[in-house]
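The values are calculated or read from the model by the stated rules, or taken from the named source; none is laboratory data. What you are looking at is a predicted structure, and each value in this text was computed from that prediction instead of being measured. Neighbour counts are summed over all protein chains in view; Cβ atoms, including those assigned to glycine, are modelled from backbone coordinates with ideal geometry.
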2 protein chains.
Amino acid sequence: MTKKTVNQPVRGSTTGRPIMVLLDILGQRWTLRILWELRDSPLSFRALRQRCDQVSPTVLNDRLKILRESGLVQREDGTGYRLSQAGEELGTTLLALNRWAETHWAGR
Amino acid sequence: MTKKTVNQPVRGSTTGRPIMVLLDILGQRWTLRILWELRDSPLSFRALRQRCDQVSPTVLNDRLKILRESGLVQREDGTGYRLSQAGEELGTTLLALNRWAETHWAGR
DNA sequence: AGTCTGTGCTACACATATTGTAGCGACCAG
DNA sequence: CTGGTCGCTACAATATGTGTAGCACAGACT
C-alpha cells in the first residue's frame, strides 16, 4: 500500500464496537510506540522518526495519518506533532502499561 | 516465517527498556485483541480463534507462543488458554482502553 | 471395530504490510 | 546560490499475515 484511504475500521472489527476499532489501530506496528514517544512533548516528523528507531517514513506517515483521523494526534505548524486532549488521556493509559512492564519485567 | 524462536525483543527495542518490549509485543496484529477476548474467561484455541474473526491459526499460535513466553497467558488442559495473574492486571488496563473508546468514539 | 465430533496445531501458496534508501519541493540562514 | 532543515513520497526488496487443507489425538456413541 503506497496509498490508501485509511478511514475504515482497519481489520476484523465488523461489529463496529469502538474498542475493536481502537484495538485494530493500536495493533498496527509502531502505533503504540508513536503515542508513547509523543507522551510528554510534541515532536517534529523527523525527530519522531529518530525516536522510533528510524522507522521508515512511509509507515510513520501512514500511522500519523490514521492517528490524526482518529483525533488522537494533531499537527501544529512550528511544533510538529502532538497528542490531542483525547490522545493525552490515552497516553495516561500507556503510563499504566509502563508501570506494569517495570513491575513484571524488571529483569528483562 | 513458518518457524521462529520468538524470545527476542521483537523490533527496535535496542534499549532493553521493558516498556519497549511490551509495546513491540502488543503492537503485533491480534495480540491486543487476544488479550481482550481472554479478559473474562478462558477459551479454547478454536473458540479464541472464532472470537478473533477467524484469525489464521498460524498467527494465533504464534501470538499465543509469545504471550505464554511473556508470562501473560497460560494454558490449562481442559479449559484452554487463560490470562495469568500478570495478564489479568494488563487486562485491567485494557478495560481503561475500552472506557476511553466508548467515551471518545461513541458515535463511530 | 468404526465413524462421529471435538481438540490443538502445522503446511504451504498467495496476499498484504513493512523496510530501507533515495530524493523531491519548500523553507530559512549565511 | 549553497547548505542546512523540514514534511513527505516513490519504489523495489523483504517480512508478515491470510486462508484452506489436513494431521494426530482424544472421548462418546453404535
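The conditions are (1) of a type in the set (A, V, I, L, M); (2) more than 9 Å from chain B (Cβ to nearest Cβ); (3) surrounded by fewer than 17 Cβ atoms within 10 Å (Cβ to Cβ), and A:Ala106 fails exactly one of them. Which is it?
For A:Ala106, the exception is condition (2).
Please pick out the residue among B:Asp77, B:Asp40 that is modelled with pLDDT under 95, within 20 Å of A:Leu23 (Cβ to Cβ), loosely packed, with under 13 Cβ neighbours inside 10 Å and more than 9 Å from chain A (Cβ to nearest Cβ).
Working: B:Asp77 fails: within 20 Å of A:Leu23 (Cβ to Cβ).
Testing whether each residue is modelled with pLDDT under 95, within 20 Å of A:Leu23 (Cβ to Cβ), loosely packed, with under 13 Cβ neighbours inside 10 Å and more than 9 Å from chain A (Cβ to nearest Cβ) leaves just B:Asp40.
Considering only region A:63-97, state which residues are assigned to a helix (DSSP H, G or I), free of Cβ contacts under 8 Å to residues at least 60 places away in the same chain and not hydrophobic (A, V, I, L, M, F, W, C).
A:Arg63, A:Lys65, A:Arg68, A:Gln85, A:Gly87, A:Glu88, A:Glu89, A:Gly91, A:Thr92, A:Thr93
Take region A:43-74 and flag every residue that is within 11 Å of DNA strand C (Cβ to nearest atom), within 21 Å of B:Trp100 (Cβ to Cβ) and within 12 Å of chain B (Cβ to nearest Cβ).
A:Arg63
Pick from B:Leu22, B:Leu35: which is more than 8 Å from chain A (Cβ to nearest Cβ), assigned to a helix (DSSP H, G or I) and within 11 Å of the chain's Cα centre (by Cα)? Full working, then the answer.
Details: B:Leu22 fails: more than 8 Å from chain A (Cβ to nearest Cβ).
Of the residues listed, the single one that is more than 8 Å from chain A (Cβ to nearest Cβ), assigned to a helix (DSSP H, G or I) and within 11 Å of the chain's Cα centre (by Cα) is B:Leu35.
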